[in-house]
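Beneath this line is the structure, given in structure tokens, with notes to follow.
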Amino acid sequence: MTSVTGPGATATGSHHPERTPCGGKGVAPVLQLDQVTKVYPTVPPVQALRGVSLTVRRGELVGIVGPSGSGKTTLLHLMGTLDRPSSGTVRLTGLDVAEMADADLAALRATRIGFVFQQFFLAEHQTILDNVADGLLYAGVRQAERRERACEALDLVDLGSRLWSRPTQLSGGQRQRVAIARALVGEPAIVLADEPTGNLDQATGQAILSLLAQLHERGVTILLITHDRAIAERMPRRVEMLDGRIVHDTTTATSQTPQTLNGTALSCYADQTPSWRRVMTAAPVITRRKLRPADLGRLASVGLRTRRLRAGMSALGIAIGVAAIVAVLGLSSSSQAGLLAEIDQLGTNMLTVQNGQTLFGQPAELPKTAPAMIGRISGVTAVQDTAYVPNVDVFRSQLIPSIDTNALSVQAASLGLLHATGDTLAHGSFLNAATATEPVAVLGALAAQRLGIDRVFPGERIWVGGQWFYVAGILNPVVLAPDIDTSVLVGFPATETYLGSDGHPSTVYVRAQTDSVDSVQALLASTANPETPSQVNVSQPSQALVARADAQSALNDLFLGLGAVALLVGAVGVANIMIISVLERRSEIGLRRALGATKGHVRVQFLSEAILLAAVGGAVGVVLGALATAVYAHTKGWATVIPTEAWVGGFAATLIIGAVAGLLPALRAARMSPTQALWTV
Ligand code: ADP
Ligand code: MG
């Protein structure tokens, strides 16, 4: 923080506190330029100013006139601290600009200088009230007070009745009045106007000039640049420039006599408008100001509000990425919850006994007595078995070439199989004592699908091992015994009669009382095959399913990867949009710097805009992902589960992405020199 008491304030305070602000030798200088030069480091270098010395005192109205290219704008930028001189000194209200840090200069602009430009530079998405109020944005004034003072300033330029209009609804002259009000609202020590009538027709230009003259009467110090001699002629003091030099400066003495501008006799009203006096007598205290959160929020959303479609499109990439991630994690959690619920419903008390391998790697055989033996273990409530029938192919019809197998297997099934496995029939009926001895089959869900059979007609047949079998029923998909899905089930007697099977069980399905599952499991191998229990595989399918539910990750990883790629693309999109936005909004950036924004203010504005853009995309993505999960889970009958890590993580990722994507554009925006930003338009 810098605190400086300018000589201007001291002089005023001690000598002539009640003096009129109309200028004069005894009045403290607001602006002092001493041998100022400016060389633009282009190739070849341009010497825009070649030693300019100029003093402007409080209350003066100075016209600077000169042909185009004579260095007027350069001079104005130096006086307005938007640029630094190559040599020489610039003092503003006594403060040496060369000795001040960038942030202090910005503070100086925010509180001491009002700019008026040829191109008005009004924000079209804002009311003129807010446009004017923005003149105080970087001076650390609260919004309510900003508006109140903006209201007064607009009254001063005769636009008090148009507070809520947009700049686009105003004429050129009215727009320039708004810009003048914005320059005045901070009660600056000096108003710098660069060709304010350049974009206006003659009559409107005249009106602006008389407005400036009136303001001058009220004590405002004004420096007006023009290339129009006729305008300059009527200024109380006239400075003529040519080729980077001051070639003529009328005496300031004339400004002490009342002026007749536009035919109106003027007098000095300074004492009737104490607010203007206050500025000039107050000690210049410069403080660095932070934006208030509400103001920052408003600034960050400018880009979003003014370019909605573009913002929406660039946020879409992020939204898709986040939605994909949330949906993938949500769906896998929901399906896991669904699977676990299903397992719970099917029961965890089913055990299977399968034939293993002999010492020589051959399939071992379970004794035919195994099911009966297992049935005697205490705690066992159901025992059913299937027997794999080797080397039998199944076809839809006789005509299909035998090499086109469906990878279906034929199994003999005991009649109560469904009780043990918990499966259900989709169509038709299961095998019974009568059909078990006949060429009749029941199809697993996948087997039916592969054979192209989706319902059971009387007389429906399939070609099994060289003969016709009638289809009695089709099963629903099987959860705990997936083997059965791809099987064609035939009765034990029928497999012996028609397919030459020996009837050795290959899988025994056992249900045990829930509290004796462990003890039954321990006994199963030795009971099923007392001679070689090591050749028996015992398992608890529900456990395998639980494990599967936990490790459903292969596909998830793929989709998560895709989501991450979408996020990355979204981030690149946001960065892209921000870079374009910075280029497009040069004049806005230049204007903000002129209004007193520091580099930090500009940086934080664009960075927050990028973060906000990404956050909007992220929020939409979370909602979309959650919605997709909910809809899919609902159709599947699962509970909707969206893990906290998924949506919190997804949203947090977007904030980081926004910050990263916005960093470079924000740095570029902050680095942009205000003169260049204003120059390019
Ligand atoms: P005026 O406002 O009187 O028309 P300027 O101050 O804009 O004159 O320009 C004075 C000279 O400096 C011109 O020759 C112009 O081309 C040059 N100039 C102004 N700004 C730049 C810049 N940013 N880079 C290079 N040359 C510049
Ligand atoms: Mg110019």
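Once you divide the Cα radius of gyration of segment 185-239 by 2.2 N^0.38 Å, the number left is 1.09.
Basic side chains Lys and Arg get +1 at the Cβ, acidic Asp and Glu get -1 at the Cβ, and with that the dipole of the chain about its Cα centre reaches some 3960 debye. For segment 457-586, the Kirkwood hydrodynamic radius from C-alpha pairs, put into Stokes-Einstein at 20 °C and a viscosity of 1.002 mPa s, yields a diffusion coefficient of 101 µm² per second. Helical content of the chain, expressed as a calculated mean residue ellipticity at 222 nm, amounts to -14000 deg cm²/dmol (DSSP H runs of 4 or more residues, -39,500 (n - 2.57) each, divided by residue number, nearest 500). DSSP beta bridges fully contained in the chain are about 70 percent antiparallel. For the chain, the membrane-span-like helix rule (DSSP H, alpha carbon extent of at least 24 Å along the helix axis, mean Kyte-Doolittle at least 1.6) picks out 553-584; this says nothing about an actual membrane. When each of the peptides 451-461, 338-348 is scored by how many other beta carbons lie within 10 Å of its residues on average, the order from highest to lowest is 338-348, 451-461. According to the Cα-based calculation, Rg over Rh for the chain is 1.36, with Rh computed by the Kirkwood formula.
Measuring spread by the Cα atoms of segment 419-514 yields a radius of gyration and Dmax of 13.3, 44 Å. Here the contact order of the chain, divided by its residue count and restricted to Cα pairs under 8 Å and six or more residues apart, works out to 17 percent.
Solvent-accessible area assigned to carbon and sulfur over the chain amounts to 57 percent, based on a 1.4 Å probe. For the chain, the solvent-accessible area of protein heavy atoms averages 44 Å² per residue (probe radius 1.4 Å; ligands and nucleic acids excluded).
Over all pairs of different C-alpha atoms, segment 558-681 has a mean inverse distance whose reciprocal, the Kirkwood radius, equals 16.1 Å. Longest stretch of the chain clear of exposed loop sites (chymotrypsin sites (Phe, Trp or Tyr not before Pro), DSSP loop, at most 16 other Cβ atoms within 10 Å, sites excluded): 361-681. Proximity of backbone amide H atoms, modeled 1.01 Å from N, is registered between V27 and no other residue at under 5 Å, excluding neighbours fewer than 5 places apart on the same chain.
Remark on S501: its backbone amide H falls under 5 Å from those of E496, a criterion applied only to residues 5 or more positions apart or on other chains, H modelled at 1.01 Å from N. Distant-in-sequence amide contacts of R237, defined by a placed amide H-H separation under 5 Å and a gap of 5 or more residues or a different chain, comprise L61, G63.
The values are calculated or read from the model by the stated rules, or taken from the named source; none is laboratory data. A quick note: this is a predicted structure, and the numbers were derived from the prediction, not measured. Cβ sites come from the backbone with ideal geometry, for glycine too, and all protein chains shown count toward neighbours. All accessible areas refer to the heavy atoms of the entire protein, side chains included, with ligands and DNA or RNA removed. Shrake-Rupley method; radii C 1.70, N 1.55, O 1.52, S 1.80 Å.
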